[in-house]
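Remarks on the structure that follows.
The values are calculated or read from the model by the stated rules, or taken from the named source; none is laboratory data. Since the model is a prediction, treat every value here as computed from it, not as a measurement. Neighbour counts run over all protein chains shown; Cβ positions are idealised from the backbone, glycine included. Note: accessible area is taken over every heavy atom of the protein model, side chains too, but ligands, DNA and RNA are not part of it. Shrake-Rupley method; radii C 1.70, N 1.55, O 1.52, S 1.80 Å.
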Amino acid sequence: MTRDADPPLQAKTLGELLLIQGTVALLPNTRSILQFVCHGLVSVPGVDRVEFRIGSGPWERDDAFTRAFALRSGGHDHGGLRVHCEDPTPFLPYVPYIENLAAMLGVILEERRQRELNASHQRELEARVEERTRQLRDEVRDRHAAETQALWEKARAERYLEMAEAIVVELDVQGRIALINKQGCTLLGRTEQELVGADWFSIALPPEARDPVRQVFHEMIAGTTTQAEYYENEIVNHRGERRYVTWHNATRHDDNGVPIGTLSSGRDLTERRLFEERRVQSQKMEAMGTLAGGIAHDFNNLLSAVLGYTELSLMDFGQTQELQTYLQEVLLAANRAKGLVKQILTFSRRSKREVQPVLISELVRETLGMLRSSLPATVTITPTLRATSAVLSDPTEIHQVLMNLCTNAGLAMEHSGGVLGIELDDVDVGPELVIEHPELAIGPHVRLSVSDTGCGIPSHLLERILEPFFTTREGDAGTGMGLSVVHGIVRSCGGALTVHSEVGVGTTFDVYFPAQRQAAARAEQIQGEIPLGTERILFVDDEDYQVALAEETLGRLGYRVRITTSSLQALEIFQLDPEAFDLVITDMTMPGMTGDRLASRLLEIRPGLPIILCTGYDGRLDEPSALALGIRGYALKPIPMVRLATMIRAVLAESGPTRL
Amino acid sequence: MNHRRNVSLGFTEGTVPAGTHICQIFNDDDERNDVLVRFILSGLRASERVTCFSERANAAELETVFTAHDLSYAQLTASEAFSLAPTSKVYFEGGQFDPERMLERLACFYDEGVAQGYVGSRILGEMIPEVHELPGGSRLFEYEARISLLLQRLPLTAVCQYDARSFDGATILDVLRVHPMMLVRGSVVHNPFFIPPEVFLA
């Protein structure tokens, strides 16, 4: 492109160039700007067309009709404009203006590039900030969720710990309690505040267990024993009561495997052990009952002979005062022996209650001699027996109540001595006492009071003294059954037992029995009269001395007696002449044919035949079963003469007129 | 051209003769809105009849502005002293761009204003790029040139708004060629690129 002479500049074109410069900044991007500029430059004189290039790149060299304008700024090539002229001459004067425009465009484009770069950086930064913010927010949310989860898990674990039936204890390496659950606190009778931080061995173990258990603990921490995973020992609560606990132990380690303590879960086996002990005791009692039952029959038969012949001796030699006294003592002792057998059977739950009107004062008098010999000489017995009413009970049971209460009282004064008071009064139970003891009824009662001046019973033990197997005596000194048996007997009579005790002063047990005032006379009668008769009796017992005694006794009572020691022979005798007897008295346990079977056969032969069944002890047939067979009387050996005579009369009277 | 009264545009100092055809190239919504509001308010204050074709203008916003300037939007629209309509509804009625119809509409708008006693009339219209996609859209610059011819006859002051972000650079320069005056940095200047309509349409 050459220039011969400067053509004149047109104001319009210069204005257009200025307007382009003033307007390009409004356009949004490089392409739009360059389109705008190229379109505007076409108006410049001599210009045919204008093209543009964005960015750096090859560009043909200028020639006479072509002129290129680079768009550079800040060392950056943003592109270029290339003007194609149809006539370069009028164009040339504008070249400096276009160069100026191109330079300005370069600045604008560079500025935009920088701005876009900044904006891009800003966007990137903002994006990164936003991303990081999002990450942080997520992290915070996740952490919060994790913390919430952890708190929830912790709360749940604590709930489980609290609800656990097992005792859970965590110890540090010094053996201090780091954690203990509710069950553990309850068992030890202490609060968590008292326990956490305390030395486990000192606060929870009985003295003799501390050193051995501590030794095992240290071996666990040292890792020198694997024998302590399961361990059993006693623990002791705040009152000094012991509980037997079986433990499952584990050593706790930190992340580096260093021991930091132990975690133990324990189960209180005290009740189970007690139950086991009771079961063993129960089995012993069962065995004792079996043994007692086995010997009772023979023993009672022996006593029958002692009692029977003593009674006959009294009848024959009772005129001699001295001999009568001796025989009365023999009779009394034999009756006591009979009572003892019955106590054994009662204790082993093998005996039958023989409920009848009982004058307790008589029983007390009988028992006093026995009591005197069994109590220390330092104990003085002061009986005050004012009651005249009878109670409806089994005399043996009343005797047992009396013996048990007096024995306990004696033991309470064993070392110090003192006064054993036995009082018997007729009392009227009022509403106040009934409210306190609902098992009582308002009305007349006989109150038996047994008091001592011994050591007394601490108040916290009072509520437990009636529990079976509860005893304050150590070792084998007590079974813990005495007061429990008393309580059971009293309740079965419809009575109640109260206790008042003061440590260092003494204890009083009051036993209330419902009074049977009308029965008192009958009780006295039973003990005083011996009814007689003349009927024909067939007496069957496999023991010779029993049949001999019966022949003698029943004969003395006026009866005509046929005896036999064989149940089979008895059946034959009866079959020969069923009408020859008004009454049959038979033993239960006999070889060949038992008493119940004999009775059945006899009743087949002669329905309605009066039969009395006597038994020393036989668990196979009780009174209701015997009566159901048609047997009219049921008597436990040994049978006092009075009772036998009374029963014979009652059975015969029930059967109607007898044939003499 | 007869002697025409000078009118204030509102968005620039000084006055221009009524019937001036001005274009505004903008790339900022505030810039566009500022010109729109000032031009309308200026016309209403001068008791001219004003109409606005804009896709962006919002009646509620304008009502707020009017109220701030003690003008009742309801009264002004009820009396047809002011009217507002979207560009697409007015320019693209029937789904096409019809320059003749638009020119007729503008002429009617002016004549009605005269008949109703307005001292003058003004129009603001914002073109939108969709025009290129419609039948008749290629006649956009012809239309603008014919407006210049129309305004030589009628003293209807017109401002045409073009968004530089929506049209390419070549189109923007073509827009300049058909508007005798243009708004540059707040000043209305003669447009050196303007091609007289007689030449442009020839």
Residue among A:PHE52, A:PHE69 that alone is within 17 Å of A:SER32 (Cα to Cα), touching a helix residue (DSSP H, G or I) at 6+ places or on another chain (Cβ under 8 Å) and not hydroxyl-bearing (Ser, Thr, Tyr): A:PHE52
Conditions (1) free of Cβ contacts under 8 Å to residues at least 24 places away in the same chain; (2) within 14 Å of chain A (Cβ to nearest Cβ): number failed by B:ARG153: (2)
Checklist (1) part of a strand (DSSP E or B); (2) among the β-branched types (Val, Ile, Thr); (3) within 10 Å of another protein chain (Cβ to nearest Cβ) applied to A:VAL37, failing item: (1)
Among (1) under 25 Å from B:VAL131 (Cβ atoms); (2) open to solvent by less than 10 Å² (accessible area, probe 1.4 Å) - the single one B:PHE66 does not satisfy: (1)
Matching residues, the range A:496-522, being at pLDDT 65 or above, among the small types (Gly, Ala, Ser) and either in contact with a His (Cβ under 7 Å, 6 or more places away or on another chain) or surrounded by fewer than 15 Cβ atoms within 10 Å (Cβ to Cβ) (or both): A:ALA496, A:GLY504, A:ALA515
Pairs with Cβ under 7 Å, 6+ apart, first in the range B:182-202 and more than 8 Å from chain A (Cβ to nearest Cβ), second acidic (Asp, Glu): B:LEU201/B:GLU142
Among the residues listed as A:ARG72, A:ARG49, the single one being away from chain B (no Cβ under 14 Å), outside any loop (DSSP other than H, G, I, E, B) and closer than 25 Å to B:ILE172 by Cα: A:ARG72
Matching entry among A:ARG214, A:ARG243 (being among the basic types (Lys, Arg) and at pLDDT 90 or above): A:ARG214
Qualifying positions in the range B:144-176 - under 13 Å from A:PHE36 (Cα atoms) and open to solvent by less than 30 Å² (accessible area, probe 1.4 Å): B:ALA164, B:PHE167, B:GLY169, B:ALA170, B:THR171, B:ILE172, B:LEU173, B:VAL175, B:LEU176
Selected residue [open to solvent by 30 Å² or more (accessible area, probe 1.4 Å), of a type in the set (Ser, Thr, Tyr) and within 14 Å of another protein chain (Cβ to nearest Cβ)] from A:SER56, A:SER43, A:SER32: A:SER43
Residue count, the range A:13-29 (criterion: facing chain B (nearest Cβ under 7 Å) and within 10 Å of A:VAL44 (Cβ to Cβ)): 1
Complete set of residues in the range A:139-192 that are open to solvent by 70 Å² or more (accessible area, probe 1.4 Å), under 18 Å from A:THR246 (Cα atoms) and in a helix (DSSP H, G or I): A:LYS182, A:THR186
Residue tally, condition touching a Gly at 6+ places or on another chain (Cβ under 8 Å) and buried (at least 21 other Cβ atoms within 10 Å of the Cβ), over the range A:89-101: 1
Whichever residue in the range A:479-508 is among the aliphatic types (A, V, I, L, M) and over 18 Å from A:GLU439 (Cα atoms) and, among such residues, is nearest to the chain's Cα centre (by Cα): A:MET481
Selection count where residues are touching a residue at least 40 places away in the same chain (Cβ under 8 Å) and open to solvent by less than 10 Å² (accessible area, probe 1.4 Å), scope the range A:18-29: 2
Those residues of the range A:75-93 which are outside any strand (DSSP E or B) and modelled with pLDDT under 85, in sequence order: A:GLY75
Entirely in the range A:541-611, the helices (runs of 4 or more DSSP H) that have 1 or more residues that are free of Cβ contacts under 8 Å to residues at least 24 places away in the same chain, in contact with a strand residue (DSSP E or B) (Cβ under 8 Å, 6 or more places away or on another chain) and assigned by TED's automatic domain parsing to the domain that holds A:LEU627: A:544-556
When residues of the range A:435-452 are limited to those that are among the aliphatic types (A, V, I, L, M) and open to solvent by 30 Å² or more (accessible area, probe 1.4 Å), the one nearest to A:CYS493 (Cα to Cα): A:ALA441
Subset tally (residues that are exposed (fewer than 13 other Cβ atoms within 10 Å of the Cβ) and charged (D, E, K, R)) for the range A:63-88: 2
Selection from the range A:212-264 of residues that are of a type in the set (Gly, Ala, Ser) and either in a helix (DSSP H, G or I) or within 29 Å of the chain's Cα centre (by Cα) (or both): A:ALA222, A:ALA228, A:GLY240, A:ALA250, A:SER264
Flag for B:SER42 being more than 14 Å from chain A (Cβ to nearest Cβ), of a type outside the set (Val, Ile, Thr), open to solvent by 10 Å² or more (accessible area, probe 1.4 Å) and out of contact with any Leu (no Cβ under 8 Å at 6 or more places or on another chain): no
Filtered residues of the range B:47-63 (kept if of a type in the set (A, V, I, L, M), surrounded by fewer than 18 Cβ atoms within 10 Å (Cβ to Cβ) and either within 14 Å of chain A (Cβ to nearest Cβ) or touching a residue at least 24 places away in the same chain (Cβ under 8 Å) (or both)): B:ALA59
Check on B:CYS23, at pLDDT 95 or above, surrounded by 19 or more Cβ atoms within 10 Å (Cβ to Cβ), within 14 Å of chain A (Cβ to nearest Cβ) and touching a strand residue (DSSP E or B) at 6+ places or on another chain (Cβ under 8 Å): yes
Test result for A:ALA103, part of a helix (DSSP H, G or I), aliphatic (A, V, I, L, M) and either in contact with a helix residue (DSSP H, G or I) (Cβ under 9 Å, 6 or more places away or on another chain) or within 30 Å of A:THR23 (Cβ to Cβ) (or both): yes
Candidate set: the range A:585-595, residues that are open to solvent by less than 40 Å² (accessible area, probe 1.4 Å) and touching a helix residue (DSSP H, G or I) at 6+ places or on another chain (Cβ under 6 Å); chosen: the one modelled with the highest pLDDT: A:THR586
